[in-house]
Every structure is written in C-alpha cells, then in structure tokens.
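**Student:** Here you go, one structure.
The values are calculated or read from the model by the stated rules, or taken from the named source; none is laboratory data. Quantities reported herein were computed from a predicted structural model and do not represent experimental measurements. Don't worry about glycine lacking a Cβ; one is built from the backbone with ideal geometry, like all the others, and counts go over all protein chains shown. Accessible surface areas use protein heavy atoms only, side chains included; no ligands, DNA or RNA. Shrake-Rupley method; radii C 1.70, N 1.55, O 1.52, S 1.80 Å.
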Amino acid sequence: MSAANASPPPHPSTRGYSAIAAQLQAGRANDLLGVGFAQRSGSRARYVLYHPGFTKSGDRSPLPLVVRGLLAVAAVAARPVADAVAPIHQFLDAPPAAPVTAVDREKRLPPSFPTLDPRDAERLMDLTEKLLN
C-alpha cells in the first residue's frame with residue numbers, strides 16, 4: 001500500500017478503555033465547555049466549575065471486585081456527600097462576578113489554569129457545534 005493510501009495510526013483511546021482516563025477526559029471537556037459558554041453566550045449567567053474531590057457516592061457494584069475493594073478502602077478518606085455539596089450554596093447565595101469560576105477542592109483556580117485554556121475551549125466549541133449541526 002502506498003503512503004498516500006495508508007490509514008493513520010489508531011488513536012490511543014481506541015486501544016483500551018480506562019474508566020479513570022474517560023472520567024478525566026470528560027471532566028476536562030466539561031471545563032472547556034464552561035469556558036466556551038462564557039466566551040460565546042453573552043449571558044449574564046455565571047458558570048461555576050466545581051470539583052469537590054473524592055466523595056462517598058455512587059454504586060460500585062458494576063465494578064470488578066478488586067476495584068470495589070480498593071475504592072472501599074479509599075472511601076475511608078472520602079468526603080460525605082453532604083460535605084461535598086455544601087459549598088455550592090455559596091455560589092447560589094452570592095454568585096461570582098466572573099463569567100467562569102473554577103474551584104477544585106475549595107481552592108479557586110486562576111483563569112490562566114492550563115485546563116481552562118480559551119483557545120482549547122474555542123476549538124471544542126467549534127467541534128461540538130459542527131457535530132450538532
């Protein structure tokens with residue numbers, strides 16, 4: 001086969017599934033879509049990206065036994081759901097002035113944080129709109 005007809009190599013995500021990698025990728029996409037919303041919408045609405053950290057929640061039964069066991073051990077240090085969601089009230093009672101606010105485990109992230117890159121957000125918004133049209 002000639003080089004012109006050669007297929008590109010498979011993307012690394014097609015070689016195997018990792019629940020953790022998928023969760024991290026989805027979180028990053030959500031962050032970028034929040035930044036993109038703030039850039040494009042012209043809305044007065046405020047977008048808060050809030051990550052509470054490891055929280056005691058969810059059904060672990062579909063997971064492999066070893067993973068369930070590891071999560072059960074790790075859950076000793078996890079936050080109760082009530083503690084994880086409590087900070088959300090402050091955003092409702094006193095919305096931030098900035099169009100986008102990112103908070104990771106009670107620490108506000110600067111807008112210059114690498115995963116909030118406006119160019120990446122713009123690119124993802126363009127691709128998302130293309131898919132939806």
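**Student:** Among what's in segment 80-97 and is out of contact with any strand residue (DSSP E or B) (no Cβ under 9 Å at 6 or more places or on another chain) and of a type in the set (A, V, I, L, M), pick the residue that is nearest to His51 (Cα to Cα).
**Tutor:** Filtering segment 80-97 for residues that are out of contact with any strand residue (DSSP E or B) (no Cβ under 9 Å at 6 or more places or on another chain) and of a type in the set (A, V, I, L, M), the one nearest to His51 (Cα to Cα) comes out as Ala86.
Residue-wise test of (1) at pLDDT 85 or above; (2) surrounded by 10 or more Cβ atoms within 10 Å (Cβ to Cβ); (3) in a loop (DSSP other than H, G, I, E, B).
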{"position": "Tyr17", "(1), (2), (3)": "no, no, yes"}
{"position": "Ala22", "(1), (2), (3)": "yes, yes, no"}
{"position": "Arg60", "(1), (2), (3)": "no, yes, yes"}
{"position": "Ala82", "(1), (2), (3)": "yes, no, no"}
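**Student:** Across segment 68-80, what is the total count of residues that are open to solvent by less than 70 Å² (accessible area, probe 1.4 Å), within 22 Å of the chain's Cα centre (by Cα) and over 28 Å from Ala98 (Cβ atoms)?
**Tutor:** 5
**Student:** Restricting the search to segment 84-114, which residues are touching a residue at least 24 places away in the same chain (Cβ under 8 Å) and in a helix (DSSP H, G or I)?
**Tutor:** Ala84, Val85, Ile88, Phe91
**Student:** Those residues that are surrounded by 14 or more Cβ atoms within 10 Å (Cβ to Cβ), outside any helix (DSSP H, G or I) and not basic (Lys, Arg), I need them from segment 25-53; list them, please.
**Tutor:** Within segment 25-53, Tyr47, Val48, Leu49, Tyr50, His51, Pro52 qualify.
**Student:** Just the residues that are open to solvent by 80 Å² or more (accessible area, probe 1.4 Å) and either of a type in the set (Val, Ile, Thr) or at pLDDT 95 or above (or both), please, taken from segment 114-125.
**Tutor:** Passing the criteria: Arg119, Arg123.
**Student:** Quick one: is Asp117 touching a residue at least 60 places away in the same chain (Cβ under 8 Å) and out of contact with any helix residue (DSSP H, G or I) (no Cβ under 6 Å at 6 or more places or on another chain)?
**Tutor:** Yes.
**Student:** Could you tell me whether Pro111 is touching a helix residue (DSSP H, G or I) at 6+ places or on another chain (Cβ under 9 Å), farther than 29 Å from Tyr17 by Cα and open to solvent by 70 Å² or more (accessible area, probe 1.4 Å)?
**Tutor:** Yes: the conditions hold for Pro111.
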